[in-house]
Amino acid sequence: FRIGSKTTGGLGNLKPLGETITYKCFDVTSYDYYRLSSSLNQDWSIFEGIETYRHAIDDSTCSDYSFRLKPESFYIFGSGFGRDYGGDSGERVDHIAVREAEVDYDAQTLKPMLLIPASSIKGSLSHRTAFHFNRFKGIFADDPDIIEKNTGENNAAVKAIFGVRSNIDNNGNETGHKGHIYIDDIYIEEHAAQSKVFDHIAIDDFTSAPIGQALFNEETVHTESITVSIILILDEGIEQKFKNALDEAIADLKRGWLPLGGMASKGHGVFIEEKKEEVSHA
C-alpha cells in the first residue's frame, strides 16, 4: 500500500507497525469531530475501537519479480555533472555517479547514498519488453512502415504495463494513464561501494595525437550485489501476452543480456542474477 507521489519509484510504501488497528466513528455534528486534528501527533486515546490487523496477500492481484543482481564489473548511473575528487590532490572528475541524501533518523542527519534510479531500470525494461512483444507477433524492423506504430508508447505491451504520458486530445480529454509496474529506487551506502575513475581520450585519425577538447573522465561504481524490487499490478488490462513479454525482458536482465546505466558500449552495467545459494554463502 503506497500513498503520496512517486509511488512507482518506491516512495510512500507503508505498513502497520503493530498488530492492532484503532478506529472510531464520529458524528459529523459532534464537538469531538470538530476538534479532531489531521496531525498524526494528536492524542490517539480518543480512538476506542480496536480491531486485530491481519496481513493478507492476494497473489492474484500482483506479481512480485524481486531478485538480486551482482555486477560483472563496474556500472555508472550518471548525475550529469562533475566534482572535485581525491581530496587535496585537486583532481577533477567530469562525470560522477548520481547520489541522493537519505534521512538518518537515528543520527538525525542526512546521509549521502549512491542511487540507481528506478526510471533507468524501467526504461531499459520498457524497450526490451517492446522487442519481445513484437517478436512474438512477428513484427520486425525490416518493415519501416510499422516500426513507429509498434515501438515506444505505441507498443501495446508497453502501453499496458508502463503507461502512457499525459496528453490532452482535441476534445479536451485526458489520454494518458499511469503504468501498472512498480520499480523501487535502489540506495547503496557509499562505504559499501568501490569507485573507479576511467579516463577517456579521443585520438585524431590524422595526427594520432589526443584531441584536447575530447578529454574527459567518469566515475564508475562496483558493489557486491543490489536488490531489484519489481511489482506488477495485475488487472483486466494486463493480458498474459503482455506479461510474457515482460517476463522475457526480466529474464534477459538476469542473464546479463540487458545492461543498465551508462557506458554499456564499453562493457559496463552488465548484471547477473545472484542465486539464493550465493546469497547464503556470502
**Top-ranked residue of the range 95-128 - restricted to ones that are in a strand (DSSP E or B) and of a type in the set (Lys, Arg), ranked as surrounded by the most Cβ atoms within 10 Å (Cβ to Cβ)** = 99
**Message:** Among the listed residues 248, 224, 239, 148, identify the single one that is under 19 Å from residue 126 (Cα atoms), modelled with pLDDT of 85 or more and open to solvent by 70 Å² or more (accessible area, probe 1.4 Å).
**Reply:** 239
**Residues within the range 152-176 that are modelled with pLDDT of 80 or more, open to solvent by less than 80 Å² (accessible area, probe 1.4 Å) and outside any helix (DSSP H, G or I), tallied** = 3
**Message:** Testing residue 269 on (1) at pLDDT 80 or above; (2) assigned to a loop (DSSP other than H, G, I, E, B); (3) open to solvent by less than 60 Å² (accessible area, probe 1.4 Å); (4) farther than 25 Å from residue 11 by Cα, one condition comes back false. Which one is that?
**Reply:** (4)
**Prompt:** Which residue out of 131, 136 is modelled with pLDDT of 85 or more and buried (at least 16 other Cβ atoms within 10 Å of the Cβ)?
**Reply:** 131
**Request:** Take residue 235 and decide whether it is of a type in the set (D, E, K, R), assigned to a loop (DSSP other than H, G, I, E, B) and either farther than 30 Å from residue 159 by Cβ or within 16 Å of the chain's Cα centre (by Cα) (or both).
**Result:** no
**Complete:** residue 141 meets each of (1) in a helix (DSSP H, G or I); (2) among the aliphatic types (A, V, I, L, M); (3) surrounded by fewer than 16 Cβ atoms within 10 Å (Cβ to Cβ) with one exception, condition (1)
**Request:** Note down all Cβ pairs under 7 Å where the first residue falls in the range 179-191 and is free of Cβ contacts under 8 Å to residues at least 60 places away in the same chain, the second is open to solvent by 20 Å² or more (accessible area, probe 1.4 Å) and part of a strand (DSSP E or B), and they're at least six residues apart or on different chains.
**Result:** 180/233
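The values are calculated or read from the model by the stated rules, or taken from the named source; none is laboratory data. What you are looking at is a predicted structure, and each value in this text was computed from that prediction instead of being measured. Don't worry about glycine lacking a Cβ; one is built from the backbone with ideal geometry, like all the others, and counts go over all protein chains shown. Areas reflect the complete protein model, heavy atoms only, side chains present, ligands, DNA and RNA absent. Shrake-Rupley method; radii C 1.70, N 1.55, O 1.52, S 1.80 Å.
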